[in-house]
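One structure is given here, and the rest of the page talks about it.
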Amino acid sequence: MAVRTFFPSCKQLLSLPRLMRTSSATVSPAVNSFSRLLLSRTSTSNASQSDKKSSDKKTTDDQTEKKEGWLSNFFVRRIETGTESHSSVLSDKDTVFVLEFHKVKPEFMENYLAETSKFVKMMDRMKTGAVLVGSWTVDIGDQDEAVHIWKYAGGYPHLNKATATYRTDPEFVEFRKNRAKMLRSRKNQILLQFTYWGGLKVRPGKNLYELRSYTLKPGTMIEWGNYWAKGIQFRQAENEATAGFFSHIGDLYIAHHLWSYESLQTRQQVRDQVWDKPGWDICVQNTVPLIRHMTSRILIPTPFSPLQ
């Protein structure tokens, strides 16, 4: 007797789950045997894929742990973002600073500087608590612009006192009227100083200054501080790091770094040399993605500026 070999059709293969649920009496032995073989191989394949995924996940977790371990060594102080306000973590609120930008009518620049010099003396004579940190005119950037930084060591109480005097004292009122005729516009921000930067560093001799302002993505200021707490160590060789601030009131999520150099040529040399230091490239690599916009101003000190 000839033996017929049964090969299931595609239609039968697609209906295997339904066939398996039927009684074995209604399904041919060949189909039952093939079904069990196919399901067995499918189960083995699924188990193998599951084991591979578990292995891949373990490898990924191990890599993540190694990466986090390396990053924790890179940070001077690692702070989880979102658990504290960045102003509390990154600064001392007992001292606040006011950054002023004055756009001056070109024909009035000399008169403006003369009047501002008198204003600085008035602020000191009336014991307002305001101390001028630095005063500059912009050499490269927005032309006919003056930049001033004031320090209030007593924090907001001293700032409020100085503001009240500035707005109500007749001598100040007259000064403001005269100054308004010389300006195109003015803008200010209240700043806090990065604690990791250290105190304000005065560079001897005559210098030019660079104010680099970074507008960051909201929520990234602590991350910025984490990276720069390490990065600032690479920028101390020529005593160029003068001060680091971030905005507290006004335009928010702005970091300001103030640098000083003997000349533009010195600036170029210092900035080129820092790339030879291992770790600086990592600081740049991690901070650049946090930036939305950045501006650089080259500043020349005014004759009455404490920073020269």
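In debye, nearest 20, what is the charge dipole magnitude of the range 258-307 about its Cα centre with +1 on Lys and Arg Cβ and -1 on Asp and Glu Cβ, if you could check? Show your work: numbers first, answer last.
Values: 5 positive and 4 negative charges, 42 e Å.
Around 200 debye, computed over the range 258-307.
Taking 0.36 nm per intervening residue step and subtracting the Cα-Cα distance, what contour gain separates Asn160 from Met126 on full extension?
Details: separation 34, 0.36 × 34 = 12.24 nm, distance 1.44 nm.
That pair, Asn160 and Met126, stretches by 10.8 nm at full extension.
With the cut-off at 26 Å, report for the range 92-301 the share of all Cα pairs above it, as a whole percent.
Working: 8404 of 21945 pairs.
Pairs farther apart than 26 Å: 38 percent.
Of all trypsin sites (Lys or Arg not before Pro) in the range 93-173, which ones are in loop regions per DSSP and have a Cβ with at most 13 other Cβ atoms within 10 Å? Could you put the intermediate results ahead of the total?
Values: sites: Lys93, Lys103, Lys118, Lys121, Arg125, Lys127, Lys151, Lys161, Arg167; in loops: Lys93, Lys127.
Filter output for the range 93-173: Lys93, Lys127.
Would you please name the trypsin sites (Lys or Arg not before Pro) within the range 194-238 that are DSSP coil residues with at most 14 other C-beta atoms within 10 Å of their C-beta? Walk me through the numbers on the way to the answer.
Working: sites: Lys201, Lys206, Arg212, Lys230, Arg235; in loops: Lys201, Lys206.
The qualifying sites are Lys206.
Of Lys121/Lys201; Lys177/Lys206; Lys151/Lys177; Lys103/Lys177; Lys103/Lys230; Lys206/Lys230, which pairs sit farther than 27 Å apart, going by alpha carbon to alpha carbon?
On the way: Lys121/Lys201 23 Å; Lys177/Lys206 33 Å; Lys151/Lys177 24 Å; Lys103/Lys177 16 Å; Lys103/Lys230 35 Å; Lys206/Lys230 29 Å.
From Lys121/Lys201; Lys177/Lys206; Lys151/Lys177; Lys103/Lys177; Lys103/Lys230; Lys206/Lys230, over 27 Å: Lys177/Lys206; Lys103/Lys230; Lys206/Lys230.
Rounded to the nearest Å, what's the spacing between the alpha carbon centres of the range 142-175 and the range 207-223? Just the number, please.
So the separation of the two Cα centres works out to 23 Å.
What percent do you get for the relative contact order of the range 92-301 when only Cα pairs under 8 Å and 6+ apart count? Before the final figure, lay out the partial values.
Values: 360 pairs, mean separation 56.6, N = 210.
It rounds to 27 percent for the range 92-301.
Rounded to whole Hz and in sequence order, give me ³J(HN,Hα) for the range 178-194 from the Karplus expression 6.51 cos²θ - 1.76 cosθ + 1.60, θ = phi - 60°, writing x for Gly and Pro.
5, 5, 4, 5, 9, 10, 8, 6, 8, 8, 9, 9, 9, 10, 10, 9, 5
Beyond 19 Å, how much of the Cα-Cα pair distribution for the range 99-203 remains, as a whole percent? List each step's numbers first, then the result.
Working: 2606 of 5460 pairs.
The proportion of pairs with Cα distances above 19 Å equals 48 percent.
Using all alpha carbons of the range 108-163, what is the percent of pairwise distances in each 10 Å bin, ordered from the shortest bin to the longest?
Cα pair-distance distribution for the range 108-163, in percent: 21, 46, 27, 6.
Readers should treat all values here as calculations from the given coordinates under stated rules, not as data from a laboratory. Remember, it's a predicted structure, so these values are computed and weren't measured experimentally. No Cβ is skipped: glycine too gets one built from the backbone with ideal geometry, and neighbour counts run over all protein chains shown.
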